[in-house]
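Written out below as structure tokens is the structure these notes cover.
Bear in mind that the values in this text are calculations on the coordinates, not laboratory data. As the structure is a computational prediction, the values presented were derived from the model and not from experiment. Don't worry about glycine lacking a Cβ; one is built from the backbone with ideal geometry, like all the others, and counts go over all protein chains shown.
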Amino acid sequence: MKTIKLISAGLILFFTMIFMVQCSDDPAPAPVEPAPLVKISGKVTFTNEAGTAANAAGAIVYLAKGATATTNFDQTTIANANGDYEFVNLDTGSYYLNATFYTANKNVTGRLDGLNFTTEAGAVVAAAADVTQNLTLVSVGQSGSTLEVLGANYAWDPNALAADGVTPAPKFVNTGTWTYDATHSPIAFEFSYRANEADFIGAFPQLSKFNVNFDPANLSTSTIDVEVDVASINTRAPGGRDNTTTVAINPSFNPASLFTKLGCIMGTFGITADGGGTPTEAAPLLITEDPDRYAQFTSTSIAKFGDGYVAKGNLVFHGFTVPIDLWFKAVPAWLDASNNRKYSGFEGKFLMDAKNDFGITSTSVNDAIIRIQISIVLYKQL
């Protein structure tokens, strides 16, 4: 009986399988091939201060899905030393690309270290296969309604008079629309001590001339003419590296200043007292005859550069005249209600090769490139 039941069950299973095979007219579905993945790559370039195309090494490239401009991106990558970038393993479709390039390749600090470039409008790429999309960065200059025309004229007036209009009182005077705030506008410098060790830092607290006329809407007529009083150098070593004047508190550095001691840095710059003598407490001396006491920059052109500006011009220092590029940004004007003043100014920087360009042979400097940081405060009374 068990045998008959097993045979019956087997026959039922056999005929069920035949019936299922005969009733299934649809063939098995073919496997779906995945869509090919694509790559978008290219080069990021910008126009440098020399006016030539350069690789934007370290530029950040942004990518978003879709064919419209956006600020919400799905991926980012960084251009290599040759300015090359790539996004890989992308689905086919449309993508929006944009890029920025900060010349210092580091985070923005409290002072100006670099300027930022952008592709501005970006680029839309239709990627059905691997595609090359180069990105050209542009200089847009600064934006914002708080940028103002800045005109400041500050210089030593040997014929100035006291308040009585009779007594001679030579002094620095401001004749521009904006007042140059000498107390809060040091010109700082730094370089690697002996070209190898920790940074050597100092400043020139006194300008002997500051004549600037800056119009962000009319750069072709904008000019910079600035002169630094090198004798005012401050490396926080009075009586050693730095000079000492007859004024013990808040030393005055002007053409009429009397010096009781010249610091060792004056020898580095080749600056001597009038008559070649050695100043002393009992017999302080002037430094008026030595032209090396002053360093002057005069612009020849000002143009947009990244999100700021570049002033091309000549730096006269230590008997040499060398063309330099001064990067800068204007400080947006702001109101200080406590004294009813409007403030503005500039932040800038440039590099100088003291040894090879200006003949400074000090072993303390060696082949170091000196970084000059500029911070200018201007104000006008309302």
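The translational diffusion coefficient of the chain, from Stokes-Einstein at 20 °C and 1.002 mPa s with a Kirkwood hydrodynamic radius over alpha carbon pairs, comes to 83 µm²/s.
The peptide list 292-303, 137-148, put in order of mean Cβ contacts within 10 Å with the highest first, becomes 292-303, 137-148. Secondary-structure-derived ellipticity at 222 nm for the chain, considering helices only, amounts to -2500 deg cm²/dmol, per-run term -39500 (n - 2.57) for DSSP H runs with n ≥ 4. With Cα atoms as the point set, the radius of gyration and Dmax of region 192-328 evaluate to 17.3, 55 Å.
Scaled against 2.2 N^0.38 Å for its residue count N, the alpha carbon radius of gyration of region 38-136 is 1.09. Over all Cα atoms in region 112-214, the spread is summed up by Rg and Dmax: 24.1, 84 Å. Summing charges over all other residues whose Cβ lies under 9 Å from the Cβ of residue 296, with Lys and Arg as +1 and Asp and Glu as -1, gives -1. Angle of helix 2-23 to the longest C-alpha principal axis of the chain, folded into 0 to 90 degrees and rounded to 10: 60°.
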